[in-house]
1. Can you name the residue in region 33-49 that is modelled with pLDDT of 95 or more and among the polar types (S, T, N, Q) and is also most open to solvent (accessible area, probe 1.4 Å) among such residues?
2. May I ask you to verify whether Lys157 is away from ligand 3 (no atom under 16 Å from the Cβ) and either closer than 23 Å to Phe266 by Cα or at pLDDT below 95 (or both)?
3. Only one residue in Ile161, Ile168, Ile128 is of a type in the set (Val, Ile, Thr), open to solvent by 10 Å² or more (accessible area, probe 1.4 Å), farther than 30 Å from Gln242 by Cα and within 16 Å of ligand 1 (Cβ to nearest atom). Which one?
4. Among the residues of region 182-194, write down those that are of a type in the set (Gly, Ala, Ser) and either in contact with a Lys or Arg (Cβ under 9 Å, 6 or more places away or on another chain) or crowded, with 17+ Cβ neighbours inside 10 Å (or both).
5. Taking region 132-156, which residues are away from ligand 4 (no atom under 16 Å from the Cβ) and either open to solvent by less than 10 Å² (accessible area, probe 1.4 Å) or not in a helix (DSSP H, G or I) (or both)?
6. Checking Phe265 against (1) open to solvent by 20 Å² or more (accessible area, probe 1.4 Å); (2) within 24 Å of Phe40 (Cβ to Cβ); (3) hydrophobic (A, V, I, L, M, F, W, C), which test does it fail?
7. Could you check region 31-75 and list, in sequence order, the residues that are of a type outside the set (D, E, K, R) and within 16 Å of ligand 2 (Cβ to nearest atom)?
8. Could you please let me know if Trp104 is more than 16 Å from ligand 2 (Cβ to nearest atom) and assigned to a loop (DSSP other than H, G, I, E, B)?
Amino acid sequence: AKSAGRNNWQVYAEEMNERVQQKRKLETDLRAAIRYQEFFLEFQPRFQIDDNTLCGAEALIRWNHPVNGRLEPDSFIPIAEQTGLIVPLSDWVLDKACKTALTWPETMFVSINLSPSEFERGDIVSRIGAALTNSGLAPHRLELEITESVLLDDAAKVLDIMSSLKKIGVRLSMDDFGTGYSSLSYLRTFPFDGIKIDKSFIADFVEYDTSHAIIESIVGLGRALSMTVTAEGVENVNQLNQLHKVKCDQAQGYFLGRPMSERQFFDSCITDRQ
Ligand code: C2E
Ligand code: CA
Ligand code: CA
Ligand code: CA
């Protein structure tokens, strides 16, 4: 067996080492990317279902890496979270999103995604306050999308932060609703204005009675709690029609519009509708 060369452990150790180095490289690149502003935002439109009006857009970050080209958030957000670089990164997103929304009609909001680690590091309340003051965007036009993983940690602290954010006047929505363990009890505890139903439920909405029943009850729940219910991942007209039938408030997805550049969003979603 020895003559077979490297044993499993050695192979494992080498792979580990490689992965650690890749991570370090990514971290170094990420630092430079923040300095040289290699990021850009894409905007995905969100529509009111009953009258088909554009109500806002979600800002989604992308990285234009000098060597590897366009990178999607799932490939670098986790490293940014682990290294704390998420704070300067997210500050850039906040600033850019608020300034972009200022160029849109006043009826429209912009939503951004917050990472769980932002609730542990730095002062998120003053960061958001500063972004609003710097840009001059009305607070109610900024929506913060928060996933359930944020709420798992120190509930009292998170509740305190969310209450302060509500006082500033921004909107809070629960992202990826239904994918966690205790979405329901969180709705009771935390001051959300909206729910975004995870796209996995929308995907088999039309084919499966169970998903249909789940969506219908989430919409009912949202209504009872005076929360706006948004369906994400709407990819075809059947899904949209069903959502209309169950009176879901808003929708977002490839069928209605892909994430697109600021310019393209303005030209195709805003100018064309005026
Ligand atoms: P998310 O917040 O759940 O965002 C929705 C994701 O679904 C986006 O992927 C979007 O492009 C994609 N999507 C939209 N419509 C459809 C559809 O009809 N079908 C399907 N299959 N997918 C659709 P993206 O842009 O790759 O973002 C992935 C995740 O990265 C986001 O999930 C969010 O959690 C995170 N993210 C994006 N931008 C930021 C950011 O600025 N800050 C932080 N902290 N996280 C971000
Ligand atoms: Ca989101
Ligand atoms: Ca989501
Ligand atoms: Ca997600």
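The values are calculated or read from the model by the stated rules, or taken from the named source; none is laboratory data. The structure presented is a predicted model; accordingly, all values stated were derived computationally and were not measured. Reconstructed Cβ throughout: ideal geometry from the backbone, glycine too, with neighbour counts over all protein chains shown. Each accessible area value is taken on the protein alone, full model and side chains, heavy atoms only, with ligands, DNA and RNA left out. Shrake-Rupley method; radii C 1.70, N 1.55, O 1.52, S 1.80 Å.
1. Taking region 33-49 and keeping what is modelled with pLDDT of 95 or more, we get 33, 38-49.
After this cut, where a residue has to be among the polar types (S, T, N, Q) as well, the list is 44, 48.
Details: Gln44: 17, Gln48: 46 Å².
This residue is Gln48.
2. Numbers: away from ligand 3 (no atom under 16 Å from the Cβ): yes; either closer than 23 Å to Phe266 by Cα or at pLDDT below 95 (or both): yes.
When the stated conditions are applied, Lys157 passes them.
3. Details: Ile168 fails: within 16 Å of ligand 1 (Cβ to nearest atom); Ile128 fails: open to solvent by 10 Å² or more (accessible area, probe 1.4 Å).
The match here is Ile161.
4. Going through region 182-194, the residues of a type in the set (Gly, Ala, Ser) turn out to be 182-183, 185, 194.
Scanning region 182-194 gives Ser183, Gly194.
5. First, pick out the residues of region 132-156 that are away from ligand 4 (no atom under 16 Å from the Cβ): 132-142, 153-156.
Across region 132-156, the qualifying residues are Gly136, Leu137, Ala138, Leu142, Asp153, Asp154.
6. So Phe265 meets the others, but not (1).
7. Going through region 31-75, the residues of a type outside the set (D, E, K, R) turn out to be 32-34, 36-37, 39-41, 43-45, 47-49, 52-57, 59-61, 63-69, 71, 73, 75.
Correct list: Leu41, Phe43, Gln44, Pro45, Phe47, Cys55, Gly56, Ala57, Ala59, Leu60, Ile61, Pro73.
8. Details: more than 16 Å from ligand 2 (Cβ to nearest atom): yes; assigned to a loop (DSSP other than H, G, I, E, B): yes.
Taking the combined requirement at face value, the residue satisfies it.
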